[in-house]
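Heads up, the thing below is written out as structure tokens.
The values are calculated or read from the model by the stated rules, or taken from the named source; none is laboratory data. Just so we're clear, the structure is a prediction, and the values are computed from it rather than from any experiment. Because the Cβ atoms are built from the backbone with ideal geometry, glycine has one as well, and the counts that use them run over all protein chains shown.
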């Protein structure tokens, strides 16, 4: 009853704070930690299955809300990528706002001690969002937007994306960035590489394997030539499209997806609750501030805090075997039972 009430109260708070990134990070971290504790406690695990299910939904809800907050912020700043380098420089000031969004998100997740696996999932979604938003500007430009299918813009976008790749590498997210920035990176590669003879067809196919035949045809047939730049022969376009139909298109169709021009801004991967990496596997001893936090209710006789040695022998929670001290709360007296009911 108590854990069901805790889950219900947490759900109401998360619902009220759907647009507040800091609150969503806090509740995502703490809800996932509580869920992990209940799952691995030998006594509580079997009798809190409904609470565990509710908490798992709440972790996903907080994660989805946080993702939407960050996507909305990125959507405001990403048009900076499309301003002319000749007028505003290779890395205009607005690019910093995209990096600040990512940096602020990482700082928030670390401050709240969000599970690293959840952090990687979130940034995979954000990198995918950046990639596909820019990629779709190449496929279907907005009215008044500059023509982007050129060597000039391919080089400009690639240089601006390198700032995000560099930041990701410093954060240990280089694999996520390499994977989920793939569409826009390969599109800029196509725009800047040699593609003017049949000898280049295999290089194009191997460098742009994530792009389907519709996307390759759009980029090549709508390519904007610089002065004195050679034109792409029609037979090269046809050969590249034919190869893509037999490779990228077949892979897409085998996965039950459609070959479309634009990419979805949402990464179609299932949300996964982490199996490890929780605080209980790294924190030792009694956390700082816990005794002070419990002192007011402890002084009223509502609970008491005891530190137990050899927790792997005495405690019911299998996930705390690496912790030298086991924190146990006991609930004496009829007054405590009334307090629990008031929860």
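Comparison of 33, 73 shows that the only residue that is touching a helix residue (DSSP H, G or I) at 6+ places or on another chain (Cβ under 9 Å) and within 21 Å of residue 104 (Cβ to Cβ) is 73.
Looking at segment 120-178, which of the residues that are in a loop (DSSP other than H, G, I, E, B) and under 19 Å from the mean Cα position of the chain (by Cα) is surrounded by the most Cβ atoms within 10 Å (Cβ to Cβ)?
My answer is 173.
In the set 60, 77, only one residue is within 22 Å of the chain's Cα centre (by Cα), in a helix (DSSP H, G or I) and either at positive phi or modelled with pLDDT under 95 (or both); that residue is 77.
So that you can scan it fast, the table gives a plain yes or no per residue for (1) modelled with pLDDT of 95 or more; (2) surrounded by 17 or more Cβ atoms within 10 Å (Cβ to Cβ); (3) outside the structural domain of residue 74 (by TED's automatic domain parsing):
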| residue | (1), (2), (3) |
| --- | --- |
| 212 | yes, yes, yes |
| 216 | yes, yes, yes |
| 222 | no, no, yes |
| 227 | no, no, yes |
| 267 | no, yes, yes |
| 272 | no, no, yes |
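Could you list all residues from segment 192-212 that are over 28 Å from the mean Cα position of the chain (by Cα) and closer than 27 Å to residue 253 by Cβ? Selection gives 193, 195, 198, 200, 201, 202, 203, 204, 205.
Scanning segment 16-28 for residues that are in contact with a helix residue (DSSP H, G or I) (Cβ under 8 Å, 6 or more places away or on another chain) and part of a helix (DSSP H, G or I) yields a total of 7.
Figure legend. Inter-residue proximity from segment 284-302: first residues more than 24 Å from residue 113 (Cα to Cα), second residues in a loop (DSSP other than H, G, I, E, B), beta-carbon distance below 7 Å, spacing 6+ or different chains. Indicated pairs: 297/303; 301/332. If you check residue 255 against the conditions, is it within 25 Å of the chain's Cα centre (by Cα) and under 30 Å from residue 184 (Cα atoms)? For residue 255, the condition - within 25 Å of the chain's Cα centre (by Cα) and under 30 Å from residue 184 (Cα atoms) - is met.
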